[in-house]
Amino acid sequence: MTKSTVRGAFTAELLALAKKDRSLYALATDSRGSVTLTAFADELPSQFVECGIAEQDAVGIAAGLANAGLRPFVCGPACFYSMRSAEQVKADVSYSHMNVKIIGVSGGVSYGALGSTHHSTQDIALMRALPGMEVYLPSDAVQMRALTRYLASSNEPAYVRMGRGPVPEIYTEKDFFTPGKAVKLLDGKDAAVIACGEMVYWATEAARILNEKGIHISVYDMFTIKPLDEEAIMEAAGTGFVLTVEEHAVYGGLGGAVAEVLSQKKPTRMRILGLPDEKVYTGKSEEVFRHYGLDGEGIAKAVREGLKK
Amino acid sequence: MNANELARIAARTRAEALTMIHNASTGHTGGAMSATDILTVLYYDVMNVDPKRPDDPKRDRFFMSKGHSCEPYYAILADRGFFPRSELATFSQAGSRIIGHPNNKVPGVEVCTGALGHGLPVAVGAALGAKRTGQKYKTYVVMGDGEQAEGSVWEAAMAGANYKLDNLFAVVDQNGLQISGPTKNVMALDDLAAKWRAFGWDVCEADGNDMQALLDYFHAEHKQGKPHCLIAHTVKGKGLPFAEGKPEWHHKVPNDEQLQEAYRALGVEEVDFND
Ligand SMILES: [Mg+2]
């Protein structure tokens, strides 16, 4: 299976678009290397803004660039943009309704052994509570390229979180993505797994494992956390058991969003799989996933437990 | 416009701002009064803005970073014709867009401000955007002196100098007071002008309640290659005999007698919010 980085797909696509649309800007906070924006900075220096290690300032500057009629993408570690500059995202971007895209890279636990200061595991909860902010967690590089094309043409503020390392490609260039519309990857009647970001691949792995045991699950890629695809959630509830899986705290993330819908519109048995209320276990992404049951085996186990009850 | 005409407008603006605060029983009286002369000079003389075209790309940009001093800002925007004067009567009322901090649903207001330390970074972005795209507009931002304790101010100060934004004017309304008392007792600024100079800005100081001094500053030749900072020495509560220099007037509301006393001191007979 082909593996590639989502951040690399984003920056390559943004660079290609920005060569044609001179209003597209990239901002970094001493993060051009880690975001993979070096080529952008070298080839389009007049559309690149280095802000130094100052995330609050970077988000404010981006709002000002938008005020000047430009289309800025602020790019850096998700952990800092979702926390250090949260108030700038709230006041200068969300409430002021400025066309600023916040691009959080190396999100979730993908900084691995760098530890919890560098993990971003509350960002979905925070960003989706802000009025008008769109929130996306792409699951692979192909989807990210399509999402970048959408973001470059949209006038709405948005937050995007992606990981760091290469991840398996789930989609092909023929696949089509619409904000507000989840992708149903697998159709099974026994249970439904709704996942986002890197968890989507592991959900398909879980489906393969369960298939061998005669359990058939539906898998939804809810890359579009906000706007959320309520129709897909209602359809998933038709199986009788919904498991949400996310690389995020179990509070206020994808599971919370799905529970908000189902508890009010179609109470359904569900379980929220994510990172528990503790200082997170440290290791490589896959090691952390395995520790918390966020890999194929762990997700399959959670489905079997859910079906027993 | 000459200094005397501007002073008359500022007196009327103060009376209107105080009436808004009185009517709503809420507001930030002290800082509103200290900043009124700066706002008056900018909106009636210095800045290129067209109330009929609030989104004109060529407009000068203004950011009220000390957003709590919004009352004279709204009064001026209404008087200039950005929105109906009658809306000033809805200040801080349920459902009004004329709320207690600048709201960019109001024509003429660029972004929502009031969380301190936000205005300068946005102003840096607006000024940098103009530089990068060859737009000729200028960018103005007004900050408070208490606000200077916010770290994000200094992040933006560095960026403004780094990008040599000589199209950017930051005014610090240095009234020497903040909500808890004298700024020197809350978080001492010491030589504020020296701090801005050390951050690479072209710094001047002037009496921020003296129209001629403000006119002289904005009409002077300004250095190229550096952003500009005016430390405007002001009096908190300026123009109100009962409030001048008194920290408790940060957000105290005048009673009926004080409102009349203020009108007399300002030489304003009455205030109405008719269109
Ligand atoms: Mg003050």
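Where helices (runs of 4 or more DSSP H) sit wholly within the range A:1-84, those with at least 2 residues that are more than 13 Å from chain B (Cβ to nearest Cβ) occupy A:6-20, A:32-35, A:38-43, A:78-81. Within the range A:200-221, the residues that satisfy the criterion of being in contact with a Ser or Thr (Cβ under 8 Å, 6 or more places away or on another chain) and either farther than 17 Å from residue A:240 by Cβ or in the same structural domain as residue A:150 (by TED's automatic domain parsing) (or both) are A:200, A:201, A:221.
Okay, residues lined up against (1) modelled with pLDDT of 95 or more; (2) away from the ligand (no atom under 16 Å from the Cβ); (3) of a type in the set (Val, Ile, Thr); (4) more than 16 Å from the chain's Cα centre (by Cα):
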{"position": "B:44", "(1), (2), (3), (4)": "yes, yes, no, no"}
{"position": "B:49", "(1), (2), (3), (4)": "yes, yes, yes, no"}
{"position": "B:59", "(1), (2), (3), (4)": "yes, yes, no, yes"}
{"position": "B:63", "(1), (2), (3), (4)": "yes, yes, no, no"}
{"position": "B:84", "(1), (2), (3), (4)": "yes, yes, no, yes"}
{"position": "B:102", "(1), (2), (3), (4)": "yes, yes, no, no"}
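The set of residues from the range B:187-201 being part of a loop (DSSP other than H, G, I, E, B), more than 14 Å from chain A (Cβ to nearest Cβ), more than 16 Å from the ligand (Cβ to nearest atom) and not charged (D, E, K, R) comprises just one member, B:201.
Could you check, for the range B:90-98, whether at least one of its residues is outside any loop (DSSP other than H, G, I, E, B) and more than 9 Å from chain A (Cβ to nearest Cβ)? Scanning the range B:90-98 turns up at least one residue that is outside any loop (DSSP other than H, G, I, E, B) and more than 9 Å from chain A (Cβ to nearest Cβ).
For the range B:4-59, filtering for residues that are part of a loop (DSSP other than H, G, I, E, B) and within 20 Å of residue B:244 (Cβ to Cβ) leaves 2. Evaluated against (1) out of contact with any Asp or Glu (no Cβ under 7 Å at 6 or more places or on another chain); (2) within 16 Å of the ligand (Cβ to nearest atom), residue B:176 falls short on exactly one condition, (1). Within the range B:203-234, restricting attention to residues that are surrounded by fewer than 16 Cβ atoms within 10 Å (Cβ to Cβ) and charged (D, E, K, R), the residue that is nearest to the chain's Cα centre (by Cα) is B:207.
Scoring residue B:1 on the criteria (1) assigned to a loop (DSSP other than H, G, I, E, B); (2) open to solvent by less than 30 Å² (accessible area, probe 1.4 Å) leaves a single failure, condition (2). Reported count of residues in the range B:120-153, each being within 16 Å of the ligand (Cβ to nearest atom), assigned to a helix (DSSP H, G or I) and open to solvent by less than 10 Å² (accessible area, probe 1.4 Å), is 4.
Take the conditions closer than 24 Å to residue B:176 by Cα, within 16 Å of the ligand (Cβ to nearest atom) and within 14 Å of chain A (Cβ to nearest Cβ) and apply them to residue B:27. Does it pass?
No, not satisfied.
Scanning the range B:154-164 finds no residues that are under 24 Å from residue B:217 (Cα atoms), in contact with a Ser or Thr (Cβ under 9 Å, 6 or more places away or on another chain) and of a type outside the set (S, T, N, Q).
Only one of B:138, B:184 is within 14 Å of chain A (Cβ to nearest Cβ) and not acidic (Asp, Glu). Can you tell me which? Spell out the reasoning first.
Values: B:184 fails: within 14 Å of chain A (Cβ to nearest Cβ).
Result: B:138 is the single residue among B:138, B:184 that is within 14 Å of chain A (Cβ to nearest Cβ) and not acidic (Asp, Glu).
Residue B:156 satisfies every condition listed in (1) more than 8 Å from every other protein chain (Cβ to nearest Cβ); (2) under 30 Å from residue A:99 (Cβ atoms); (3) surrounded by 24 or more Cβ atoms within 10 Å (Cβ to Cβ) except (1).
The values are calculated or read from the model by the stated rules, or taken from the named source; none is laboratory data. Quick caveat, the model's predicted, so the values are computed rather than measured. With ideal geometry, Cβ positions are generated from the backbone for all residues, glycine too; neighbour counts draw on all protein chains shown. Heads up: the accessible areas ignore ligands, DNA and RNA and are worked out on the full protein's heavy atoms, side chains in. Shrake-Rupley method; radii C 1.70, N 1.55, O 1.52, S 1.80 Å.
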